[in-house]
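Derivation of every value follows stated rules applied to the coordinates shown; laboratory data play no part. Because the structure is predicted, anything quoted here is derived from the model rather than measured. Here Cβ is always computed from backbone atoms with ideal geometry, including for glycine, and neighbour counts include all displayed protein chains.
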Amino acid sequence: MAMKYWITAALTVSFGAAALAHSGATGVVKERMDGMSAMSKAVKAMAPIMRGKEDYDADAVRAAADVFIAHAGEDMVKLFPEGSDAMPSVALPAIWEEPEEFAALAEKLQVYATGLKEGAENGLAKKDGGGQSSSMMGGSSGGMMDTGSASSMMGGGASSMMGGGASTMMGGAAAGEDKMMTVEEVAALPTDAAFAAVTQTCSACHQKFRAEKN
């Protein structure tokens, strides 16, 4: 139930504005908008699988991970050259004011998406009798994140979502700390946990570097 709630929040908060109307967008602005839309579609395609509403499909997970990989890291950063913030772009000046942080999040997305792909055969976390993630996630996930606002999807959100043990296993990175998981660490997670790490990285980037659309 809690995972379903979190996935819904990821769709509405993290990617709800990703499929923006591209009217008037050209060149690099359109290219990056197209990339965001592609990632939005990948999240929506994965949501029923991560909720357990559709049969688990490792090939579909790998395909979704490939979409993120293709639009992350340096491939993402190069689409935000200086002076490309004119309408209809929703990129905030913070991208160019804090380029190191933006680049670090882009790299984190690539690393986490690569881990998601490599661990695609892991499947979803096992559930206990109450429908909560079991010790495979390092403890019950009954304390999954409260996503009442966009900011609650960042910070300590993922550590509570995955249980205290998972936070330790993930090196605290999902809780918004400086340490980033390696590809191997992400690949060792249940697929829904790895997927959560990917989408939460997107959420963190959007919160700081993307303007809200009214």
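Amide hydrogen proximity for ARG210: with H placed 1.01 Å from N in the peptide plane, the residues at 5 or more positions away or on another chain lying under 5 Å are LEU92. Enumerate the residues in segment 196-212 having an amide nitrogen under 16 Å from the point lying 7 Å beyond the Cα of TRP96 toward its Cβ. Of the residues in segment 196-212, 209-211 have backbone N under 16 Å from the label point off TRP96.
Backbone geometry of segment 57-64 corresponds, through the Karplus equation with coefficients 6.51, -1.76 and 1.60 at θ = phi - 60°, to 3J(HN,Hα) couplings of 9, 5, 5, 5, 5, 4, 5, 5 Hz, x marking Gly and Pro. Relative protection proxy for 92-101, 31-40, 106-115, from highest mean packing down: 106-115, 31-40, 92-101 (other beta-carbon atoms within 10 angstrom).
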